[in-house]
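Inspection log for the structure reproduced underneath, given as structure tokens.
The values are calculated or read from the model by the stated rules, or taken from the named source; none is laboratory data. What you see is a predicted model; the values in this text were computed from it and never measured. Counting neighbours? That spans all protein chains shown, and the Cβs are built from the backbone with ideal geometry, glycine included. The protein model used for the area step is the full one, side chains on, heavy atoms only, and it has no ligands, DNA or RNA in it. Shrake-Rupley method; radii C 1.70, N 1.55, O 1.52, S 1.80 Å.
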Amino acid sequence: MSAVDARTASLVGERHENGEGASFAAFLDRVAAGSVDRERDRRLLFDEVAELRALGFGALRVPAARGGVDLPFVEVIDRIIRLSSADASLGHLWRGHIAFVEDLRAQGGGADDRWWHRILAGDLIGNAQSERHGTARLDTRIDRVGDELLLTGTKYYTTGSIYADWIHLAALDGDERVAVTVSAIHEGVRPVDDWDGFGQLLTGSGTTTFERVPVDPRDVIAWVDDARRWAALGSIYQLTLIAVIAGIAQRALDDTVAFVRPRRRTFGFAGETLPADDPLVQLVVGEVSAAASAARRLVLSVAAELGDALDDQSAAGADRLRALQLEVYRLQEVVPRLVLDAATRLFEVGGASAVSVTTALDRHWRNVRTIASHNPVVQRARAIGQWELRGTLPDWKAPGR
């Protein structure tokens, strides 16, 4: 076992003896039990998000000096994997919040205490960058009316914002692209659950409109060409999504095993022939198990290194972040492909009954395919090839950040 693997195992092994760990595990069991029905009924996750807030899930990375538990980054990613195994949408919707917290941590002593207080109180920060245009045009804007700053515009793919207390987004301040964070509960903020994708149905990734929403001038951040920040944010955003895929892989395995074990007849054979004893069924289950284990280990290995680099504010830490961005890109090529194949193969264990909408085994493929399309895998593979041939590292910048 490598040093990284040993450290990862010690950090994220099943060592949740305290009350908070037990409460989280019990929460996961309850969430997993209702995940199929929630997706079928399209019942959004307001209750589940409220429970996670009460458990302090959004405050796990608040520094100890600010009153938090300062959990290692790799443990937060481990919990995202476990949460996504219980419900893939529930893990996904925290993506913007996690990036926001890490950006605050990177500011060190310069971070605004207001935000640490809000996060410790359980506030959730959503994310809203994209707009529905044929180009990357940005129309959301800040208008200055006397001493007031007012935000107006429409965003799409606003994952998590329907559940949020605050929304972090890109906007125009005059001709300048900026980042801005506004209250999600103001009457001028209207999120709509109109996400029409075939996967990740409960993330709330639909439209959010902003109509003359007040902006605190302290929460308008000018664009800065900061290579360290972009490398950090790019890796955090992408690794969180890959962690969701790793969680889906584990749930695909769990659901496949639960489907096979009680069955008493193998398709195509008369009489009682237990599928659990069928070598071909065992082969498929073994393949799905290998994919789930590999996905989790790959994600946690990179997360452990990324966490160290995020906490290292030196020039060496910035260099490590740039190099790790390439490792995250490699994961984006390998993990979705691995899990998509497993999510397809699992149907070989049960014949026609495996495609039942009641069992909903198809949701695993749909969810992974949706995430893999969010940040197209082919673009990441091309960037890796560019590095190998030209030595040019990937460049990732979010508009207005």
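Structural remarks
- Boolean, Arg363 is over 22 Å from Asp37 (Cβ atoms) and in a helix (DSSP H, G or I): no
- Highlighted here are the strands (runs of 3 or more DSSP E) found entirely within segment 107-198 that include at least 1 residues which are more than 22 Å from the chain's Cα centre (by Cα): 141-145, 148-155, 166-173, 176-183, 189-192.
- Just one of the listed residues (Arg40, Arg30, Arg95, Arg53) is without any contact (Cβ under 8 Å) to a residue 60 or more places away in the chain and not aromatic (Phe, Trp, Tyr), and it is Arg30.
- Evaluation of Thr256 against (1) in a helix (DSSP H, G or I); (2) within 23 Å of Ala354 (Cα to Cα); (3) out of contact with any Gly (no Cβ under 9 Å at 6 or more places or on another chain) (one fails), failing number: (3)
- Verdict on Val69 being open to solvent by less than 30 Å² (accessible area, probe 1.4 Å), assigned to a loop (DSSP other than H, G, I, E, B) and either more than 19 Å from Ala243 (Cα to Cα) or modelled with pLDDT under 95 (or both): no
- Within segment 309-346, the residues that satisfy the criterion of being charged (D, E, K, R) and assigned to a helix (DSSP H, G or I) are Asp319, Arg320, Arg322, Glu327, Arg330, Glu333, Arg337, Asp341, Arg345.
- Single match in Gly351, Gly286, Gly317 (criterion: in contact with a Gly (Cβ under 9 Å, 6 or more places away or on another chain) and either at pLDDT 95 or above or farther than 20 Å from Phe198 by Cα (or both)): Gly351
- Residue check for Arg363: among the charged types (D, E, K, R), under 20 Å from the mean Cα position of the chain (by Cα) and within 30 Å of Glu75 (Cβ to Cβ): yes
- Residues of segment 27-66 classified as in a helix (DSSP H, G or I), among the hydrophobic types (A, V, I, L, M, F, W, C) and open to solvent by 40 Å² or more (accessible area, probe 1.4 Å), total: 6
- Set Asp319, Asp341, Asp311: member being surrounded by fewer than 17 Cβ atoms within 10 Å (Cβ to Cβ), of a type outside the set (Val, Ile, Thr) and under 21 Å from Ala381 (Cβ atoms): Asp341
- The set of residues in segment 113-162 that are among the aliphatic types (A, V, I, L, M) and touching a helix residue (DSSP H, G or I) at 6+ places or on another chain (Cβ under 7 Å) comprises Ile119, Leu120, Leu124, Ile125, Ala128, Leu149.
- Some residue of segment 276-283 being touching a helix residue (DSSP H, G or I) at 6+ places or on another chain (Cβ under 7 Å), within 25 Å of Gly247 (Cα to Cα), crowded, with 18+ Cβ neighbours inside 10 Å and at pLDDT below 95: yes
- In segment 207-244, of all residues being modelled with pLDDT of 95 or more and in a loop (DSSP other than H, G, I, E, B), the one that is surrounded by the fewest Cβ atoms within 10 Å (Cβ to Cβ) corresponds to Asp216.
- Scanning segment 138-153 for residues that are polar (S, T, N, Q) and closer than 13 Å to Val220 by Cβ yields a single hit, Thr140.
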